[in-house]
1. Quick one: count up the residues across segment 13-22 that are open to solvent by 80 Å² or more (accessible area, probe 1.4 Å) and more than 10 Å from the chain's Cα centre (by Cα).
2. Considering only residues that are touching a residue at least 24 places away in the same chain (Cβ under 8 Å) and surrounded by 12 or more Cβ atoms within 10 Å (Cβ to Cβ), look in segment 43-57 and name the one that is farthest from the chain's Cα centre (by Cα).
3. Taking the condition of being in contact with a Gly (Cβ under 7 Å, 6 or more places away or on another chain) and among the hydroxyl-bearing types (Ser, Thr, Tyr), how many residues in segment 12-47 meet it?
4. Checking Gln8 against (1) at pLDDT below 85; (2) outside any loop (DSSP other than H, G, I, E, B); (3) more than 13 Å from the chain's Cα centre (by Cα), only one condition comes out false. Which one?
5. I need every pair where a residue in segment 16-42 that is within 22 Å of Ala62 (Cα to Cα) and free of Cβ contacts under 8 Å to residues at least 40 places away in the same chain has its Cβ under 8 Å from the Cβ of a residue that is open to solvent by 50 Å² or more (accessible area, probe 1.4 Å) and of a type in the set (Phe, Trp, Tyr), sequence separation at least 6 or different chains.
6. Quickly run through segment 1-60 and pick out the residues that are within 20 Å of Ala71 (Cα to Cα) and among the charged types (D, E, K, R).
7. Sort out which residues of segment 32-73 are in a helix (DSSP H, G or I), over 15 Å from Val3 (Cα atoms) and either basic (Lys, Arg) or in contact with a strand residue (DSSP E or B) (Cβ under 9 Å, 6 or more places away or on another chain) (or both), and write them in order of number.
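The values are calculated or read from the model by the stated rules, or taken from the named source; none is laboratory data. Only a predicted model underlies this, so the values are computations on that prediction, with no experimental measurement involved. Methodologically, a virtual Cβ is constructed for each residue, glycine included, from the backbone with ideal geometry; neighbour enumeration extends over all protein chains shown. Protein only, heavy atoms only, side chains kept; ligands, DNA and RNA dropped before computing areas. Shrake-Rupley method; radii C 1.70, N 1.55, O 1.52, S 1.80 Å.
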Amino acid sequence: MLVYYWFQAGDRLAGNEWDVRFRRLLDLLAGHDLPPTLIISVYVSVEDDVSAADAAAKRFLAGLAPYLRAATSSGGIHG
């Protein structure tokens, strides 16, 4: 099984969940509005070929990416 994570707070992509949480804490302490935040896990079953599963997961995430970015920029997923 392959696992992919997407971490985003507002317009900022992050390398890990703790980076997102830390940036949200800094925003809160500075008195800023907290941006919408996404922490998404995608689990991919590997049948025979890891490369094929990896490629399929990357295509899925690439197709989903514009919607995830729009959700955190606009405050929600619409449509």
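1. First, the residues of segment 13-22 that are open to solvent by 80 Å² or more (accessible area, probe 1.4 Å): 13, 18, 21-22.
Now drop any that are not more than 10 Å from the chain's Cα centre (by Cα), which leaves 18, 21-22.
Number of matching residues: 3.
2. Here the answer is Val46.
3. Residues in segment 12-47 being in contact with a Gly (Cβ under 7 Å, 6 or more places away or on another chain) and among the hydroxyl-bearing types (Ser, Thr, Tyr): 0 in total.
4. (3)
5. Note: pairs meeting the criteria are Asn16/Tyr5; Glu17/Tyr5; Ile39/Tyr5; Ile40/Tyr5; Ser41/Tyr5; Val42/Tyr5; Val42/Phe60.
6. Asp11, Arg12, Glu17, Asp19, Arg21, Arg23, Arg24, Asp27, Asp33, Lys58, Arg59
7. Leu64, Ala65, Leu68, Arg69, Ala71, Thr72
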